[in-house]
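Structure, as structure tokens:
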Amino acid sequence: MQHDALHNSAATNGATLQPPTLLRHYLEILLENRGFIGQIVLAATLVVALVVFLLPKTYSAKVVLMPPEDPSKQNLLLQAVAGSSGLSGLIGGSTTTDVLVEILKSRTVADSLSVALGLAEFLLDADDAHKNQREQQEKIAIALSDATRITSSKQGFITIEVRLSTPAFSFSQADEDSVKHRVVRLANGYADMLDRTNRRLANLKSLYNARYFSEQMQQAKRDLDSAYSNLERFQTSHKAVAISEQMKLQLEAASKLKASMIAEEINLDLLLRDRQPNDMTVIESRNRLNEVRSKYNEVALGKSDKFAMGFEQMPALAREYANYYREVRIHEEVYALLKQLYFKERVQGYRDTPTVVVLDDARLPIQRTSPKRLTTMLLSVPISFLAAVSLVFFMRFLRRSRQDESYQRLWTLLNQTFSFARKPPKTPA
């Protein structure tokens with residue numbers, strides 16, 4: 001009677017009762033379980049707060065190195081040739097950023113840092129004290145690799161970032177200050193050790209190149225003396241032979257190109273001592289050699305200029321003289337080049353100038369890198385809320401599915417499955 005009266009009253013006012021919407025239904029479920037959801041959020045926030053306060057504190061320091069200024073050593077010979085033969089357009093310099101990054105990651109730098117900074121004191125624990133030196137160095141190298149991040153930019157800048165943490169469950173300010181100073185020393189130590197290692201390797205490489213150039217220079221001196229003797233015998237036998245000024249200029253150009261060919265062959269041989277034949281640097285050197293050889297053939301055949309004359313088109317006596325004269329000029333160019341490179345490498349082998357320029361050195365960190373306590377706690381609130389809401393709806397689904405007849409077969413199969421899994425196997429009689 002009362003329900004009919006209310007219905008009639010609503011109909012009289014022109015309104016109709018609407019079934020509850022899905023959104024309102026969900027809101028009702030959340031409001032009904034607001035206490036449970038609040039408890040989960042509060043408990044999760046307290047647990048996260050406890051964990052982040054117990055986690056070790058991590059501090060980081062960063063060093064930024066300028067791009068290397070020195071060109072790659074394997075192009076040194078070709079750069080000297082380019083200045084005298086007009087081949088500078090064929091030669092491209094390459095930076096050594098990738099090489100420096102690999103040196104920083106090497107075992108040599110790790111072992112040197114371990115000795116210089118006494119890393120064994122705080123990177124090794126009591127159990128490691130009984131291990132041999134090789135095992136200790138291995139663990140220190142692994143710890144350094146985990147604590148260091150070395151990257152390079154497209155512009156060639158090298159960034160060294162080091163991170164160290166305080167001991168677990170440590171709340172001492174002295175431990176934090178110790179980690180701050182250690183991380184700064186280690187980051188700056190990387191830059192210093194890179195400079196020392198790179199300087200030592202560069203000096204050894206220069207002395208090695210100097211010995212190689214010395215051997216080549218002695219051979220070039222013998223070839224030059226032989227060329228002088230041949231030219232002198234020819235001039236003595238035929239008195240004086242004159243060639244045109246145009247042909248003389250053409251011979252000078254051919255001599256420089258021939259000297260460039262010989263220099264590139266020496267450069268290729270020097271590269272093959274350290275690299276594989278399929279290395280990109282070796283392939284580039286071989287391509288430059290072929291290009292210089294092609295230019296020399298054009299000059300020799302008179303194809304480089306419409307006014308030039310091929311060597312085979314000269315009169316016989318002038319051609320013979322031109323050949324002797326060309327050989328002298330070629331060996332003079334090669335000998336002068338090798339002599340210049342020999343003394344340059346000798347000086348480089350004993351240089352003690354810095355090879356690494358620090359743009360930003362490491363400084364004492366003010367704030368810790370991790371854990372981010374406030375950020376972590378703020379993130380834990382929405383995450384725990386979503387987890388609690390999901391749990392509420394899942395528990396409601398389980399409760400309703402047990403009452404719904406359409407889910408009875410599913411629950412029966414699940415009970416059979418788990419009961420079979422819990423049933424102990426029969427023991428044989």
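The values are calculated or read from the model by the stated rules, or taken from the named source; none is laboratory data. Just so you know, these numbers come straight off a predicted model, no measurement behind them. Quick reminder, even Gly has a Cβ in these numbers, built from the backbone with ideal geometry, and neighbours come from all protein chains shown.
Out of region 154-174, which residues are surrounded by 15 or more Cβ atoms within 10 Å (Cβ to Cβ) and either aliphatic (A, V, I, L, M) or without any contact (Cβ under 8 Å) to a residue 60 or more places away in the chain (or both)? It would help to see each step written out before you state the result.
Kept after step one, since they are surrounded by 15 or more Cβ atoms within 10 Å (Cβ to Cβ), are these residues of region 154-174: 156-166, 170.
Result: Ile158, Ile160, Val162, Leu164.
Of the residues making up region 167-195, those that are small (Gly, Ala, Ser) and farther than 17 Å from Asp360 by Cα are Ala168, Ser170, Ser172, Ala174, Ser178.
Restricting to region 343-380, name every residue that is surrounded by 14 or more Cβ atoms within 10 Å (Cβ to Cβ), among the hydrophobic types (A, V, I, L, M, F, W, C) and within 30 Å of Leu31 (Cβ to Cβ). Within region 343-380, Met377 is the sole residue that qualifies. For Arg373, the requirement of being among the charged types (D, E, K, R), touching a helix residue (DSSP H, G or I) at 6+ places or on another chain (Cβ under 9 Å) and on the phi < 0 side of the Ramachandran plot is met.
Residues to consider are Leu113, Leu119, Leu124; find the one that is at pLDDT below 85, in the same structural domain as Arg196 (by TED's automatic domain parsing) and crowded, with 16+ Cβ neighbours inside 10 Å. Outline the logic, then answer.
Details: Leu113 fails: at pLDDT below 85; Leu119 fails: at pLDDT below 85.
The match here is Leu124.
The residues listed here are Lys248, Lys221, Lys258; of these, the one that is closer than 21 Å to Ile330 by Cβ and modelled with pLDDT of 80 or more is Lys221.
Figure legend. Inter-residue proximity from region 118-132: first residues more than 14 Å from Ala147 (Cβ to Cβ), second residues outside any helix (DSSP H, G or I), beta-carbon distance below 9 Å, spacing 6+ or different chains. Indicated pairs: Lys131/Leu124.
Anything in region 28-66 that is under 30 Å from Asp146 (Cα atoms) and either at pLDDT below 85 or hydroxyl-bearing (Ser, Thr, Tyr) (or both)? List them, or say none. Full working, then the answer.
Within region 28-66, the subset under 30 Å from Asp146 (Cα atoms) is 47-66.
The answer is Thr58, Tyr59, Ser60.
Cβ-Cβ distances below 7 Å connect the following pairs, each with a first residue in region 329-349 that is over 9 Å from Phe213 (Cβ atoms), a second residue that is of a type in the set (D, E, K, R) and at pLDDT 80 or above, and a separation of six or more residues or different chains: His331/Asp223; Tyr335/Lys221. In this structure, does Lys180 turn out to be surrounded by fewer than 17 Cβ atoms within 10 Å (Cβ to Cβ) and of a type outside the set (Ser, Thr, Tyr)? It is false that Lys180 is surrounded by fewer than 17 Cβ atoms within 10 Å (Cβ to Cβ) and of a type outside the set (Ser, Thr, Tyr).
Counting only residues that are over 17 Å from Leu386 (Cβ atoms), in a helix (DSSP H, G or I) and not aromatic (Phe, Trp, Tyr), region 32-60 holds 8 of them.
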